[in-house]
Amino acid sequence: MKRQSPGALPLPAPIVNWFAGVGRASTVTLEHAGGLGLLAWQILQAIVGLRVSLRSVLNQMYIMGIQSLPIVLVTGSLAGIVTSQQGGYQMTSAMPAYVLGSLVVETVVLEMGPVLTALVLVGRIGARITAELGTMVVSEQIDAFESLGRDPVAILAAPRVIAGVLVLPLLVGIADFIGIVAGMGAAYLTAGLGVDSFLYGAQLFWHSWDLLYSLTKAVVFGLAIPLISVHMGLKTKGGAEGVGITTTQAVMFMTLTILILDAMFPPLMLN
Amino acid sequence: MIEYRNIHKAYDLPVLTGVSMRVEAGEMFALFGPSGTGKSVLLKTTIGLVIPDIGDVEVDGVSLYRGGKKALETVRNQVGYVFQNAALFDSLNVFDNVCMGIPEAELESLPRNEAAKRAWEALELVNLEPRDILERLPSELSGGMKKRVGIARAIVGRPEVLLWDEPTTGLDPINTAAVERLIKRLSHDLEVTSLLVTHDVEGGLTICDRVAMLDSGTLRFCGTPAEFRASPDPVVQAFVDRAAAEAALDMAAND
Ligand SMILES: Nc1ncnc2c1ncn2[C@@H]1O[C@H](COP(=O)(O)OP(=O)(O)OP(=O)(O)O)[C@@H](O)[C@H]1O
Ligand SMILES: [Mg+2]
């Protein structure tokens, strides 16, 4: 009997399946990347061509900004309180107490403020946009816009993305501020750290670009959330079930994107 | 004039496999066919809502799939589309929905009361009382009312070509008659070209100049209503007989 050459050996099924899975995942990722790039380009064209209505932008800013304020205030203060308590718990007597001030401010401004606010908006705004646009796709409203010579990107996508980019830095700024104030209160109540010492510690380690860093994150997240949610919404297929499926996928996609982008920030900006 | 040249479209399965037909200017043309044969898909290729895999569509001399973006814009501005399920914008009230039917450039230069007048007229043409519904949202309308608002939105822009996807399905006999009168009037008085997809075969044969039948992805028949009724093709015959029987039933029910 002739010996088979090693190259002709059939690969075990799990390995083949694994490669097939990787292939599928990369195809899907590339498709989404292409779709997002194209959408961003079309939105840019709509903005440059002055085809975006100011009224829709203001309306979206109201929905994203004003209506999100309560939840942003709550998460912002909780972030400050939790960091303050956790920090106080980890401190040893060898460390000066004012370090807690620096810990709270830096954690809130660099991480908790932008990331928690973005994640809250993924649920509040991102899911809403995907479901709304998805429903418009399956009920042929997007087709109707096109049949009437209107551009859904200029009418629906652009105002949402512009509003996101403008509103998120404001919300993050507010979350940062309220988080610091709440953290300061918690530090006083749990560790007995006075406001003066807290602020002394805070300014000791404060870099002038920390706030810029926080707000840059906010702009990037503010672009990513509406862009992804609009893209996913417009790609919806099927009926009500399809809307449910894409909305879930969009929330996962946005959450992962926020966390990955957040992890990419320190190497890109902090050195 | 609308000309379809060798249209192919497949989703998971082939839907259209080489459809060629021509609707003359000012003609009323009915397209019949069993459910799910691709009538709506064919209508959508006319304004680029569905891009055919192969083939081209020409509307009043403009070739849709060779002319690029400009051609698409031109065609969309002169074609009105009545969607099978109305497809009203559910965040806009009836008035704003209907006004969306006026081309953007025209709407911007139109005084608001002029736009209101046109919306009002369009709603009256489809037998709706504008006073009662202008301010309402689509979710507050019945199915038949939505459908008629959809028609009003399609005609308010004074298109030269109208594509009707089952405009009378789900309407009561009085409103069906009103919509049929409207289609006739638009083509007789304003020389609008109408392509009408309908399951109301008897109605289509009565009002249209020519009819076609789509079956399994291709045109099974194309000709005058008289030729359709007399066609020896058994599939066409089955359709004619069913339609006659249903019409008789309707007559009996209305007596
Ligand atoms: N976007 C789509 N994705 C996948 N399949 C589709 C899509 N649109 C249409 N189809 C398929 O194409 C076929 C034809 O659909 P179409 O809506 O044109 O039928 P129709 O002739 O208008 O039927 P009806 O009389 O019931 O309205 C159907 O089998 C449908 O499943
Ligand atoms: Mg249909």
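The relative contact order of chain B comes to 25 percent, based on Cα pairs under 8 Å that sit 6 or more residues apart. Past the 22 angstrom mark, what percentage of all C-alpha to C-alpha distances in chain A do you count? The calculated P(r) of chain A puts 64 percent of pairs beyond 22 Å. With every protein chain in place and a 1.4 angstrom probe, the accessible-area ranking of B:Tyr81, A:Tyr98, largest first, reads A:Tyr98, B:Tyr81.
Using protein chains only and a probe of 1.4 angstrom, how many square angstrom of B:Tyr11 are accessible, to the nearest 10? Its heavy atoms expose roughly 130 Å² to the probe.
Solvent-accessible area per residue in segment A:86-234 equals 38 Å², computed with a 1.4 angstrom probe and all protein chains kept.
Mean partner shielding of peptide B:151-157, defined as the number of other chain Cβ atoms within 10 Å of each residue Cβ, is 1.
Pairwise alpha-carbon distances in segment B:95-216 exceed 20 Å for 44% of all pairs. Rounded to the nearest angstrom and listed largest first, the equivalent-ellipsoid semi-axes of segment B:1-140 from its Cα gyration tensor are 32, 18, 14. Contact order for segment B:31-118, expressed relative to its length and based on alpha carbon pairs under 8 Å spaced 6+ residues apart, stands at 15 percent.
Within the full protein context, the accessible area of B:His199 is estimated at about 80 Å² for a probe radius of 1.4 Å. Remark: the protein assembly as shown carries a charge dipole of roughly 1360 debye about the Cα centre, counting +1 on each Lys and Arg Cβ and -1 on each Asp and Glu Cβ.
Excluding same-chain neighbours fewer than eight residues apart, the aspartates and glutamates reachable from B:Lys9 by a Cα-Cα span under 17 Å are B:Asp53, B:Asp56, B:Glu58, B:Asp215. Here the Karplus curve 6.51 cos²θ - 1.76 cosθ + 1.60, taken at θ = phi - 60°, turns the phi angles of segment A:66-74 into couplings of 4, 6, 8, 3, x, 5, 5, 4, 5 Hz, with x standing for Gly and Pro. Highest mobility in the GNM of chain B, judged by mean-square fluctuation with C-alpha springs under 10 Å and restricted to B:Ala116, B:Ala152, B:Ala86, is found for B:Ala116.
Quick note on the protein assembly as shown: its Rg to Rh ratio, both from C-alpha atoms and Rh being the Kirkwood radius, is 1.12. Near the amide H of B:Phe221, within less than 5 Å, lie the amide hydrogens of B:Met213, all on another chain or at least 5 residues away, with H placed in the peptide plane. Indicate the gyration tensor shape class of segment A:5-45 (rounded, prolate or oblate), computed on the Cα atoms with a ≥ b ≥ c the square roots of the eigenvalues: a/c under 1.5 is rounded; otherwise a/b larger than b/c is prolate and the rest oblate. Prolate is the answer for segment A:5-45, as a/c is 1.5 or above and a/b outweighs b/c. Using a cutoff of 8 angstrom between alpha carbon atoms and counting only pairs six or more residues apart, the relative contact order for chain A works out to 31 percent. A 1.4 Å probe run over chain B, with the rest of the protein chains in place, finds 45 Å² accessible per residue.
The phi torsions of segment B:144-156, fed into the Karplus equation with coefficients 6.51, -1.76 and 1.60 and a -60° offset, translate into couplings of x, 5, 4, 4, 6, 5, x, 5, 4, 5, 6, 9, 5 Hz, rounded to whole numbers, with Gly and Pro shown as x.
Counting only other chain Cβ atoms within 10 Å of each residue's Cβ, the peptide A:135-147 averages 6.
Exposure check, 1.4 Å probe, all protein chains in place: A:Val153 carries approximately 20 Å² of accessible surface. Taking a quarter of the surface of the Cα convex hull of segment A:64-133 gives a mean projected area of 5.2 nm².
Which of the three applies to segment A:185-226, rounded, prolate or oblate, going by the alpha-carbon gyration tensor with a ≥ b ≥ c and a/c under 1.5 meaning rounded? In terms of gyration-tensor shape, oblate.
Residues considered: B:Lys69, B:Lys184, B:Lys44. Largest GNM mean-square fluctuation over chain B, using C-alpha springs under 10 Å, is found at B:Lys69.
Dividing the summed -39500 (n - 2.57) terms of all DSSP H runs of n ≥ 4 by the residue count of chain A sets its mean residue ellipticity at 222 nm at -26000 deg cm²/dmol.
An ellipsoid equivalent to segment A:89-206, defined through the eigenvalues of its Cα gyration tensor, has semi-axes of 47, 13, 9 Å when rounded to whole angstrom and sorted largest first. Measuring heavy-atom accessible area with a 1.4 angstrom probe and counting protein chains only, the residues of segment B:80-95 that give up at least 40 Å² relative to the chain alone are B:Phe83, B:Ala87, B:Phe89. Indicate the gyration tensor shape class of chain B (rounded, prolate or oblate), computed on the Cα atoms with a ≥ b ≥ c the square roots of the eigenvalues: a/c under 1.5 is rounded; otherwise a/b larger than b/c is prolate and the rest oblate. Oblate.
Given +1 at the Cβ of Lys and Arg, -1 at the Cβ of Asp and Glu and no other charges, the dipole of chain B around its Cα centre is 440 debye to the nearest 20. Centroid-to-centroid, using Cα positions, segment B:61-85 and segment B:177-233 are 22 Å apart. Around the amide H of B:Gly18, modelled in the peptide plane, lie the amide H atoms of B:Ile7, B:His8, B:Lys9, all under 5 Å away and 5 or more residues distant in sequence or on another chain. Inter-chain neighbour count for B:63-76: the average number of beta-carbon atoms from partner chains within 10 Å of each residue's beta-carbon is 1. Rounded to the nearest Hz, the phi-derived 3J(HN,Hα) couplings of segment A:119-134 under the Karplus curve 6.51 cos²θ - 1.76 cosθ + 1.60 (θ = phi - 60°) are 5, 5, 6, 4, x, 7, 9, x, 4, 5, 5, 4, 5, 5, 5, x, where x marks glycine and proline. Local charge for B:Gly203 was computed over the other residues whose Cβ lies under 13 Å away, with Lys and Arg +1 and Asp and Glu -1, and equals -4. Taking B:His8, A:His207 and ordering them by how much accessible surface each has at a 1.4 Å probe, largest first, produces A:His207, B:His8. Buried accessible surface for the B/A chain pair comes to about 1400 Å², total over both chains, computed with a 1.4 Å probe.
Springs join every pair of Cα atoms under 10 Å in this Gaussian network model of chain B, and among B:Pro159, B:Pro111, B:Pro167 the largest mean-square fluctuation is at B:Pro111. Pop out the carbon and sulfur fraction of the accessible area of the protein assembly as shown as a percent, whole number, probe 1.4 Å. The computed percentage sits at 63.
For the peptides A:113-120, B:73-80, the ranking by packing is A:113-120, B:73-80, with the highest mean count of neighbouring Cβ atoms within 10 Å listed first.
The values are calculated or read from the model by the stated rules, or taken from the named source; none is laboratory data. In this text, all values refer to a predicted model and were calculated from it rather than measured experimentally. For neighbour counting, all protein chains shown are included, and Cβ atoms are generated from backbone atoms with ideal geometry for every residue, glycine included. We work out accessible area using only protein heavy atoms, side chains counted, and drop any ligands, DNA or RNA first. Shrake-Rupley method; radii C 1.70, N 1.55, O 1.52, S 1.80 Å.
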